[in-house]
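The values are calculated or read from the model by the stated rules, or taken from the named source; none is laboratory data. Keep in mind the model is a prediction, meaning the values are calculated, not measured. Please note: Cβ atoms are built from the backbone with ideal geometry, for glycine as well, and neighbour counts cover all protein chains shown. Only protein heavy atoms, including side chains, enter the accessible area calculation; ligands, DNA and RNA are left aside. Shrake-Rupley method; radii C 1.70, N 1.55, O 1.52, S 1.80 Å.
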Amino acid sequence: MRRSPIRLLPVKTLVYALLLVWALLTILPLYWVFSTAFKSPEEARGYPPTLIPHSFSFRNLVQVFDDPQTHKSLGFKPYLNSLIIALGTALLTATVSFLAGFGFARYRFRGREVLLLSLLFINMLPEMAKMIPLFRMFILYHLYDTYLGLILLLAAGSAPFSTWLMRGYIKSIPQDLEDSAVIDGCTRGQASRRITAPLAAPGLAAVAVLAFRAAWNEFSAALILTTSDSVRPYTTAIFKYVKEHASVDWHLLSAASFVSIIPIVIAFAFFQRYFVGGLTRGAVKD
Amino acid sequence: MSTPGLILSRRQTFAFISPAFAIIAVFLVFPAVWALYLGLTDLELTGIRAVMPEFVGLSNFVRVFQDSFFYNALKISLVFVFGSGIIGQVGLGLLLALLMHREKSWIKTLVAASAIAAWIIPDVVVAYLWVAFLDSDFGLLNRGLKLVGLGPVNWLFHYPLFSIILFNTWRGTAFSMLLFSAALQTLPPSYLETADTLGASAWRRFRDIILPLLKTTILTDVLLITLWTFNVFTPFLLTGGGPSFRSEILPIYVYRTSFKYFKLGYGSAISTVLLLINLAFALVYLQAKRRQKKW
């Protein structure tokens, strides 16, 4: 039974208004920068600012990648570096956290909860403090300025939360299927890979997307632990770009920002359904 | 509840969890322990103390607790965490999730998409985006204020703490909202329908049905958000901690001490104190969770 529409209407309007205001507030700064990405340099700098680009063009986007005249471009390389690092991190994180999550979900031992929680808290020392030891470590083991070093570090950073999420997810999968596979001659390892992993796909997708996002967005570690253009991800490349071209070119900066969010938007758009499902079963139903 | 029991042998379990633990040990625990040790030394980035740091015991910590910059940063951090973390991300995230819960329309898609958009974008981009948005000449916010006859306001200069709270709320609300939305989906619709039939008010529905079922999720979210917000460094890209330290949260103070004044040992000691504060929050959380007897 529904309440009378007379009472329902103002509440509903209010709810809609609140949500709409929030959505607008969220989108506005985004819109502001990303519309600037398509403006001409004059228009971007001009006053009063324009809401809709008069001179809509893709020139800035092209200029981000290649600009033979001013050499004020970032090039493709930083984006390629970021893509390699982020994909590597996502893959490694998904693998190790699936295995660890499986171990935690299917085996009971004393102190398991404490171990699991200490996993979550371990990452809580401020990043800046860990940079000093990490810098020395990376030099010592030739991980400085390599893809591998960053991937390992970023996967380690994502692993605790991901393991926790995977463990929750795998716990929600009945283990009878694995048991029967084992009776039919599989090892536990094979069963986890062939039976559990496909069933845990949404959880794995959630974990991979989270790790991808973290790696794609990483800034301070990349700033301190990379130095060459052949490894440097685009986040620090943009930072360097702004530092070197003291006068901030809003139109170029906006264009670079716009380009930088494309992969992450694709990843989320593609996996969003799994992502929410994975969070639900992994984190909520624990 | 089913009890899995001893499915894997001890050795098998070890094999499953060891890859994750190996990289965590090498890349998280080891540097963290090293950093804790550095807090007990007078290591600096340059000069004689860069080569031969001395073990100074707890004297760094004695200094921390007499350091007015530390208390300033602690106070600002607490306001920042409470404002942008608890009220902003958790509170607003919960409110949005509740408002959206039973709507099935374009507005739900719009709110979710915009919040996710704000959340997935790289820190560096977001920081520049906000610098641009708040800029006194170029920024859209001041342009909007001008339309209604206000401003322009130099936000980052006059209201630095408010600016970074706004920024961090904008930035992170999506995570809490998604988590709460996911939790609300597990709530049996019949509960709320029954409450509707009985004519329960929105507040009663929230207090008697939703809150008890969301308790664990809210606790987990509060903990995660508190810890993340305490450690977040991105406001540095907006205000650099200034002007005159008015937005200097603890991680920025650590950065200033370590990488601007090069006092690595002292910076590590401040980090250790920050870690202890986080640990205190974690313990409160554990207590609260234990009281629920969920495990």
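Calculate the FRET efficiency for B:A202 and A:A17 from the Cβ-Cβ distance with a Förster distance of 22 Å, rounded to the nearest 0.05.
0.85
Most fluctuating residue of B:E248, B:E44, B:E103 in a GNM of chain B with Cα springs under 10 Å: which is it?
B:E103
Give me the percent relative contact order of the range A:77-284, please, defined on Cα pairs under 8 angstrom at least 6 residues apart.
RCO, the range A:77-284: 37 percent.
Using helices alone, I'd like the mean residue ellipticity at 222 nm for chain A: each DSSP H run of four-plus residues gives -39500 (n - 2.57), total over residue count, nearest 500.
Value at 222 nm, helices only: -23000 deg cm²/dmol.
Once phi is turned into ³J(HN,Hα) by the Karplus curve 6.51 cos²θ - 1.76 cosθ + 1.60 with θ = phi - 60°, what whole-Hz value does each residue of the range B:57-74 show in order, with x for glycine and proline?
Ordered by residue, 3J(HN,Hα) equals x, 9, 5, 4, 6, 4, 5, 3, 7, 10, 8, 5, 5, 5, 5, 4, 5, 4 Hz.
For the protein assembly as shown, how big is Rg over Rh, using alpha carbon atoms and the Kirkwood form of Rh?
That ratio equals 0.97.
Assuming 0.36 nm per residue, please report the length gained on full extension of the stretch B:Y159 to B:T109 beyond their Cα-Cα distance.
Gain on extension, B:Y159 to B:T109, equals 14.7 nm.
What is the range B:118-252's relative contact order, in percent, from Cα pairs under 8 angstrom and six or more apart in sequence?
That works out to 29 percent.
What number, in nm² with one decimal, is the all-direction average of the projected area of the convex hull of the alpha-carbon atoms of the range B:81-260?
Averaging across all directions leaves 12.5 nm² for the Cα convex hull.
Suppose every Lys and Arg Cβ carries +1 and every Asp and Glu Cβ carries -1, with no other charges. What dipole size does the protein assembly as shown come out with about its Cα centre, to the nearest 20 debye?
So the magnitude is around 1740 debye.
About the Cα centre, and with charges only on the beta carbon of Lys, Arg (+1) and Asp, Glu (-1), how big is the dipole of the range B:98-214? Nearest 20 debye, please.
That gives a dipole near 200 debye.
Top to bottom by accessible area (1.4 Å), largest first, where do B:F175, A:F65 land?
I get A:F65, B:F175, largest accessible area first.
Using only helices, what value at 222 nm comes out for chain B when you add -39,500 (n - 2.57) per DSSP H run of length 4 or more and divide by the total residues, to the nearest 500 deg cm²/dmol?
Roughly -20000 deg cm²/dmol at 222 nm, from the helical runs in chain B.
Work out the charge dipole of the protein assembly as shown with +1 on the Cβ of Lys and Arg and -1 on the Cβ of Asp and Glu about the Cα centre, then indicate which of A:L115, B:L58, A:L204 is farthest towards its positive end.
The residue sitting farthest along the positive end of the dipole is A:L115.
Just need the Rg to Rh number for the range B:62-114, please, alpha carbons only, Kirkwood Rh.
1.35
Given H placed on each backbone N at 1.01 Å, which residues far from B:T41 in sequence or on other chains put an amide H within less than 5 Å of it?
Residues meeting the amide H criterion: B:V56.
What's the magnitude of the charge dipole for the range A:77-284 around its Cα centre, counting Lys and Arg as +1 and Asp and Glu as -1 at the beta-carbon? Answer in Debye, nearest 20.
420 debye
Considering Cα pairs under 8 angstrom that are at least six residues apart, work out the relative contact order of chain B and quote it in whole percent.
30 percent
Tell me the Rg and the Dmax, in Å, that the Cα atoms of the range B:147-203 produce.
Final numbers for Rg and Dmax: 20.0, 53 Å.
Over all alpha-carbon pairs in the range A:130-207, figure out the percentage whose distance exceeds 16 Å.
Taking all Cα-Cα pairs of the range A:130-207, the fraction more than 16 Å apart is 63 percent.
Across chain A, how many lysine pairs separated by 8 or more positions, or lying on different chains, have Cα atoms within less than 16 Å?
4
Taking the Cα centre of the protein assembly as shown as the origin and placing charges on Cβ (Lys, Arg +1; Asp, Glu -1), which of A:P174, B:V81, B:A97 is farthest toward the positive end of the dipole?
Towards the positive end, the residue furthest out is A:P174.
Given a Förster distance of 51 angstrom, what is the FRET efficiency for A:L116 paired with B:F259, based on the Cβ-Cβ distance and rounded to 0.05?
About 0.90, to the nearest 0.05.
Assuming R0 = 60 Å, what is the FRET efficiency of B:F14 and B:L147, from their Cβ-Cβ distance, to the nearest 0.05?
0.40
What are the DSSP H helices in chain A that stretch 18 Å or more along their long axis, judged by alpha-carbon atoms, and whose average Kyte-Doolittle hydropathy comes to at least -1.0?
Qualifying helices, which must be both long enough and hydrophobic enough, are A:5-36, A:77-106, A:127-140, A:147-171, A:201-217, A:250-279.
Give the dimensionless ratio obtained when the Cα radius of gyration of chain A is divided by 2.2 N^0.38 Å.
That works out to 1.26 for chain A.
If I take all pairs of Cα atoms in the range B:170-276, what percentage of them are more than 15 Å from each other?
Within the range B:170-276, distances greater than 15 Å cover 73 percent of Cα pairs.
Test of understanding: in a Gaussian network model of chain B with alpha carbons linked when under 10 Å, which of B:F16, B:F65, B:F167 would top the mean-square fluctuation ranking?
Residue with maximal mean-square fluctuation among B:F16, B:F65, B:F167: B:F16.
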